[in-house]
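Worksheet: one structure, shown below.
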Amino acid sequence: MLRELDIRNFAIIDALTVSFTEGLTVLTGETGAGKSIIIDAVHLLAGGRGSQEFIRHGAKKAEIEGLFSLDNEKHPVFRKLDEFGISSSDGDILLRRELNDKGKNVCRINGKLVTISILREVGAALIDIHGQHETQELMDEKQHVFLLDQFAGKSIAKAKESYLNTYDKYLKLKREFASYNENEQQIAQKIDLLTFQLREIEAAELVAGEEEELQQERKRLQNFNKIYESVSAAHEAIQGESKGLDWVGSAMSELEHAASVDEAFSSQSETLSSAFYQLQDVSTEIKRVIDDMEFDPERLNEIEQRLTLLQSLKRKYGASVEDMLLYYETQVDELDRLINRDQRLQLDQEKLKELTEDLRVEAEELTILRKKASKQLGNAIMEQLQALHMGKASFEVNFSSLPSGRFDRNGRDVIAFYISTNLGEPLKPLTKVASGGELSRMMLALKTIFSKHQGITSIIFDEVDTGVSGRVAQAIAEKIAAISVHSQVLCISHLPQVAAMADQHLFIEKKVEKQRTVTAVHELDGQERTEEMSRMLSGAEITELTLQHAEELLTLARDRKLTMR
């Protein structure tokens, strides 16, 4: 949910901090008070298009910050954050956006600078904004297949995963197949280049790990004198006359004598004896090393030349010897593919034919499952439309297919939601529904169904109840409240029926401070809320009767909400 929103120097908002609760939050106030400005700010926070016009007159920049809290650790947004390398803790996500007077944007997620496209992707997983005439996911036919699949849920998940695996193999093979269409001159040039590269790598006789070993050996040869002097000094200190070993030997003899008289010294005597013989072994080993040490300037020269060669090859074939060996293996396969392309072409044609048939079968399975789910979706939508007093409306999921032989990531289905709002009228695409009131109700019916499946954290309705009244208004209010059971809902409304269903009621008003107009937000409760409801019912004049009506409306709303939870 959106827990807190902070807005600075945005339109007529000077400085505004709003805290939100779970469930349904309704924003009311006079026209022009700034309700939609708050929604515009949230839209920008979710990656919407910005403009210098949003910056408050006289300010250098506008700043918007929103804190979201998520209880579901498996929410899809966390996968997106991991994908973009953005850390999150305790389920909190902080989005921040700045617009400056030079036209530049600064976007941050949890303090990390991100591009506007990343902000938009993350924002889309958190916020869904609906306006009466705004083109949204539900109004985009390209999204209808995804919505149907979300509704189908587990019943289609396994089949779709299997199809996608086959589709990825199909695409990969088609790309390989397409590469065979290169002209003979290009292929001949590529064969010559690969042959040269492979011979150059083969001639180098690369060995994994050799570069590190050569660097160590070069380091030893470059520091030969220092090493020789240090090892010789160590040997002299141990083995020299009246040096370490002699003194340790004397101490060992004395302790052995003491231990022969008093067993209390036996342990110390044994430890010292062990140390003496270990020192002897070390001294012998050091002497052997000294005798074998020999500075070989030719070997140092060989190492330098070898490292220079490796460095030259690395610039062409990889960042390390291991990478170059891997490159060699892949290019051997590529060269073989080009040389034997006629045989490969025939094999790939057979594989492509098999994969195409597999895709056709799996795509047909998806179509069968989707048609089954579409009937269930149609029944569910019609139930919602009945409750919204559109009982004479009809809803249908329209299926068509891609041209023969064509597939995409969804199979071969082209899906669109169709509706007829009046008895006897033909079904038309949802996007062609003209009436604002009908569009609002249709959208709410769909949203009531899909809000259970989409996992959106916050859904925002910007005056979607425009153009309706009476029992339809009450039905819309109940649908918006029903959606808020599954997702936090923020709603701008002029309908008292909607406002009565709110879990949080925010009143937006304009004030004049220091000769400037500013927007202020005040949370209503108790008598203040009743008075605002009364104003929404009757207009500017509040009477005892309208207050009673407002109280009754609030009481009925509370009782209705109890049946939804």
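A few comments on the model shown:
- The residues listed here are 79, 49, 56, 96; of these, the one that is modelled with pLDDT of 90 or more, in the same structural domain as residue 462 (by TED's automatic domain parsing) and not polar (S, T, N, Q) is 96.
- All conditions in (1) among the charged types (D, E, K, R); (2) loosely packed, with under 13 Cβ neighbours inside 10 Å; (3) in contact with a helix residue (DSSP H, G or I) (Cβ under 9 Å, 6 or more places away or on another chain) hold for residue 298, with the sole exception of (3).
- Test: residue in the stretch 544-556 that is in contact (Cβ under 8 Å) with a residue 60 or more places away in the chain and either in the same structural domain as residue 12 (by TED's automatic domain parsing) or under 21 Å from residue 477 (Cβ atoms) (or both): no
- Positions within the stretch 148-178 being out of contact with any Leu (no Cβ under 9 Å at 6 or more places or on another chain) and not charged (D, E, K, R), in sequence order: 150, 153, 157, 162, 164, 165, 171, 178
- When restricted to residues that are of a type in the set (D, E, K, R) and touching a strand residue (DSSP E or B) at 6+ places or on another chain (Cβ under 6 Å), the stretch 374-396 contains 1.
- Residue tally, condition in contact with an Asp or Glu (Cβ under 9 Å, 6 or more places away or on another chain) and either under 23 Å from residue 23 (Cα atoms) or part of a loop (DSSP other than H, G, I, E, B) (or both), over the stretch 510-528: 4
- A single entry from 275, 234 fulfils the requirement of being in a helix (DSSP H, G or I), closer than 30 Å to residue 218 by Cβ and in the same structural domain as residue 221 (by TED's automatic domain parsing): 234.
- Residue check for residue 27: in contact with an Asp or Glu (Cβ under 9 Å, 6 or more places away or on another chain) and part of a strand (DSSP E or B): no
- Residue 502 being touching a helix residue (DSSP H, G or I) at 6+ places or on another chain (Cβ under 9 Å), surrounded by 19 or more Cβ atoms within 10 Å (Cβ to Cβ), assigned to a helix (DSSP H, G or I) and not acidic (Asp, Glu): no
The values are calculated or read from the model by the stated rules, or taken from the named source; none is laboratory data. Note that the structure is predicted; figures quoted are calculated from it, not measured. Cβ coordinates were reconstructed from backbone atoms using ideal geometry, including for glycine residues, and neighbour counts include every protein chain displayed.
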